[in-house]
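Colleague: Below you will find the structure I want to go over with you.
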Amino acid sequence: MAFPESRPRRLRRTASLRAMVRETRLSPADFIYPLFVEPGAGQRRPIESLPGQSRLSTDTAVEEARRAWDLGVRAVILFGIPEAKDATGSEALTNESVIAKTVRALREALPELVVMTDVCMCEYTDHGHCGVVERGEVLNDPTLDLLARQALVHARAGAHVVAPSDMMDGRVGYIREVLDDEGFEDVAIMAYSAKYASAFYGPFRDAADSAPAFGDRRGYQMDPANALEALREVALDEQEGADIVMVKPAGPYLDVVRAVRELTDLPVAAYQVSGEYAMLQAAAERGWLDLDRVALESLLGIKRAGADMIITYFAPHAAELLAK
Ligand code: PBG
């Protein structure tokens, strides 16, 4: 049928009609809220390039998670900022790490909250790279052991999900094996499977002071030009035992989100990264965009592309908007 028999506008005439034919719906339960945690107490140090986000201490992270929980957000992902950084990121590897402490506090305060942790070395190393560096190179295999030890610290503290974001080859299988050997076969792995070497991570690196001291991450993160390679990465992570696969960033890579959705039966996560959030915030501050509307529209687009869950700094704000 063609016009004039067919008139798609018939189903757009009223809000109730539109609601009946709506294909995609956002829910606060779709969101995973990223929190930056550092040692200390009572802190909320605002992150300038991420308006509305702060570097928290364990106690304020619990407050922030509770605020999100009360709005219907069911999961957080934690990023640690250590007291001191060194060549091997040793602060990430102790059971008293800021992440371990915060996981324990969250599990106690909010028993039903899903606690996820980012597993990576770059926030903890003085060179800011995601693994062991020798002669200017990030070494793959020696890094696996550090990642697995960090994941183990998080699992012991009570994390439900560990999320390696380093992009070393073989890390999902390696971490799975170590977790299983230590009796943590119930702890899930959310793999940052297709993580691109993106300029959209800028504000995050300010927040975590984790910009590489030399070079860049193109030797391990993916080339933004590649989509087929993302499918190979996802297939490998699936074989290695990933429970959830992720595409990151989200907005500029919606084709990849869709392709991954069609490739795998695993749950697909997408990360709306710091730069995506900062862009919308900055334009809204200037009065150029309506923040509430673009926040929800950007998240809806990611879900429509095929993501089951979205890591987003908008989590509590968007949950609030959805409740209205
Ligand atoms: C750690 C990590 C990064 C992000 C998540 N985990 C930074 C990076 O790879 O440089 C970025 C998240 C964001 O920009 O919101 N490797």
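The values are calculated or read from the model by the stated rules, or taken from the named source; none is laboratory data. All figures in this text were calculated on a predicted structure; none of them were measured in a lab. Every residue, glycine as well, gets a Cβ built from its backbone with ideal geometry; the counts of neighbours run over all protein chains shown. For accessibility, only protein heavy atoms count, side chains too; no ligands or nucleic acids. Shrake-Rupley method; radii C 1.70, N 1.55, O 1.52, S 1.80 Å.
Colleague: Taking the solvent-accessible surface of protein heavy atoms with a 1.4 Å probe, what is the per residue accessible area of region 226-324 in Å²?
Modeller: So region 226-324 comes to 44 Å² accessible per residue, rounded to a whole number.
Colleague: Quick check: Cα centre of region 291-305 to Cα centre of region 78-110, how many Å?
Modeller: What the calculation gives is 32 Å, centre to centre.
Colleague: I've got another one for you. Tell me, what ³J(HN,Hα) does each residue in region 33-45 have, in order and in whole Hz, if you take phi through Karplus 6.51 cos²θ - 1.76 cosθ + 1.60 with θ = phi - 60° and put x for Gly and Pro?
Modeller: Taking θ as phi minus 60°, the curve returns 9, x, 10, 9, 10, 10, x, x, 8, x, 9, 8, 8 Hz for region 33-45.
Colleague: Mind pulling the per residue volume of the convex hull built on the Cα atoms of region 13-55? Å³ is fine.
Modeller: Roughly 142 Å³ of hull volume per residue.
Colleague: Right, here's the next one. Given springs between every Cα pair under 10 Å in a Gaussian network model of the chain, which of Arg205, Arg286, Arg67 has the largest fluctuation?
Modeller: Of Arg205, Arg286, Arg67, the most mobile in the Gaussian network model is Arg286.
Colleague: Also: Residue by residue, what Karplus-based ³J(HN,Hα) values in Hz, rounded to whole numbers, does region 93-107 have, using 6.51, -1.76 and 1.60 with θ = phi - 60° and x for Gly and Pro?
Modeller: After applying 6.51 cos²θ - 1.76 cosθ + 1.60, I find 9, 10, 6, 9, 4, 4, 5, 4, 4, 6, 4, 4, 5, 5, 4 Hz.
Colleague: What does the charge count near Gln221 come to, summing +1 for each Lys or Arg and -1 for each Asp or Glu among other residues with Cβ under 10 Å from its Cβ?
Modeller: Working: positive: Lys195, Arg217, Arg218, Lys248; negative: Asp166, Asp216, Asp223.
Spelling it out: positives minus negatives among the neighbours equals +1.
Colleague: On to the next question. Give me the extension gain from Asp70 to Leu228: residue separation times 0.36 nm, minus the current Cα-Cα distance, reported in nm with one decimal.
Modeller: Once the chain is fully extended between Asp70 and Leu228, it gains 52.9 nm.
Colleague: For region 117-194, which semi-axes, largest first and in whole Å, follow from the square roots of 5 times the eigenvalues of its Cα gyration tensor?
Modeller: 21, 12, 11
Colleague: How far is helix 274-285 tilted off the main Cα axis of the chain, in degrees rounded to 10, range 0 to 90?
Modeller: 50 degrees
Colleague: Give the ranking of Ser165, Ser90 by solvent-accessible surface, highest area first, calculated with a 1.4 Å probe. Present the calculation step by step, with values, prior to reporting the outcome.
Modeller: Numbers: Ser165 5, Ser90 50 Å².
From most exposed to least exposed: Ser90, Ser165.
Colleague: Calculate, for Met1 and Leu139, the FRET efficiency according to 1/(1 + (r/R0)^6) with r their C-beta to C-beta distance and R0 56 Å; round to the nearest 0.05.
Modeller: The pair Met1/Leu139 has a calculated efficiency of 0.35.
Colleague: Still on this structure, I have one more. Calculate the spin-label point distance for Leu93 paired with Asp255, positioning each point 7 Å from the Cα along the beta-carbon direction, and give it in nanometres.
Modeller: 4.2 nm
Colleague: What translational D, rounded to a whole number of µm²/s, comes out for region 87-245 from Stokes-Einstein when the hydrodynamic radius is the Kirkwood one over Cα pairs, at 37 °C and 0.692 mPa s? Let's see the in-between values first.
Modeller: Values: Rh = 15.9 Å.
Diffusion coefficient, whole number: 206 µm²/s.
Colleague: On full extension of the chain, what length is gained from Ala84 through Glu108, given 0.36 nm per residue of separation minus the C-alpha to C-alpha distance?
Modeller: Contour length minus the Cα-Cα distance gives 5.9 nm.
Colleague: Under a crude label model (7 Å from the Cα following the beta-carbon direction), how far is Leu300 from Asp181 in nanometres?
Modeller: Between Leu300 and Asp181, the label points sit 4.9 nm apart.
Colleague: Non-local amide H neighbours of Gly40 (under 5 Å, H modeled in plane, Pro and chain starts lacking H): which ones?
Modeller: Amide H neighbours of Gly40, under 5 Å, 5+ apart: Thr58.
Colleague: Run through the DSSP bridge list for the chain and note the antiparallel percent, rounded to the nearest 5. Don't skip to the end; give the middle numbers.
Modeller: Numbers: 6 of 39 bridges.
Rounded to the nearest five, the antiparallel share is 15 percent.
Colleague: How much of the accessible area of the chain, probe 1.4 Å, is carbon plus sulfur, in whole percent?
Modeller: The nonpolar share, carbon plus sulfur, comes to 50 percent.
Colleague: First select every other residue whose beta carbon is under 13 angstrom from the beta carbon of Ala148; then total the charges, Lys and Arg +1, Asp and Glu -1.
Modeller: Residues near Ala148 contribute -4 overall.
Colleague: Could you work out how far apart the two model spin labels at Trp288 and Leu263 are, taking each label as a point 7 Å from the Cα in the direction of the beta carbon, and quote it in nm?
Modeller: It works out to 3.4 nm between the two label points.
Colleague: With every protein chain in place, what's the accessible area of Leu17 (1.4 Å probe, Å², nearest 10)?
Modeller: So the heavy atoms of Leu17 present about 50 Å² to solvent.
Colleague: Highest GNM mean-square fluctuation, the chain, Cα pairs closer than 10 Å: which of Ala15, Ala225, Ala194?
Modeller: Of the options given, Ala15 has the highest mean-square fluctuation.
Colleague: I've got another one for you. Output wanted: per-residue J couplings in Hz (rounded whole) for region 291-307, from phi through Karplus 6.51 cos²θ - 1.76 cosθ + 1.60, θ = phi - 60°, x for Gly and Pro.
Modeller: Couplings: 4, 4, 6, 6, 4, 5, 5, 5, 6, 4, x, 5, 5, 4, 5, x, 6 Hz.
Colleague: Same structure again: For Ser16, Ser193, write out the residues from largest to smallest accessible area, computed with a 1.4 angstrom probe and no ligands counted.
Modeller: Ser16, Ser193
Colleague: Percent antiparallel among DSSP beta bridges with both residues in region 35-154, to the nearest 5?
Modeller: Roughly 40 percent of the DSSP beta bridges within region 35-154 come out antiparallel.
Colleague: Right, something else. Past the 22 angstrom mark, what percentage of all C-alpha to C-alpha distances in region 187-324 do you count?
Modeller: So the pairs more than 22 Å apart make up 41 percent of the total in region 187-324.
Colleague: I would also like to ask the following. As I understand it, the value is the acute angle between the Cα axis of helix 254-263 and the longest principal axis of the Cα atoms of the chain; what does it come to in degrees, rounded to 10?
Modeller: Taking Cα atoms only, the helix is inclined about 80 degrees.
Colleague: Another one. Mean-square fluctuation check for the chain, GNM, Cα pairs under 10 Å: which of Leu146, Leu110, Leu35 is largest?
Modeller: Maximum fluctuation in the GNM of the chain, among the listed residues, is at Leu110.
Colleague: Kindly list the residues of region 218-258 that lie in the label zone of Met279, defined by a backbone N under 19 Å from the point 7 Å along the Cα-to-C-beta vector.
Modeller: Hits in region 218-258 for Met279 at 19 Å: 222-227, 247-258.
Colleague: Can I ask one more? Let me know the whole percent of all Cα-Cα pairs from the chain that are separated by more than 27 Å.
Modeller: 42 percent
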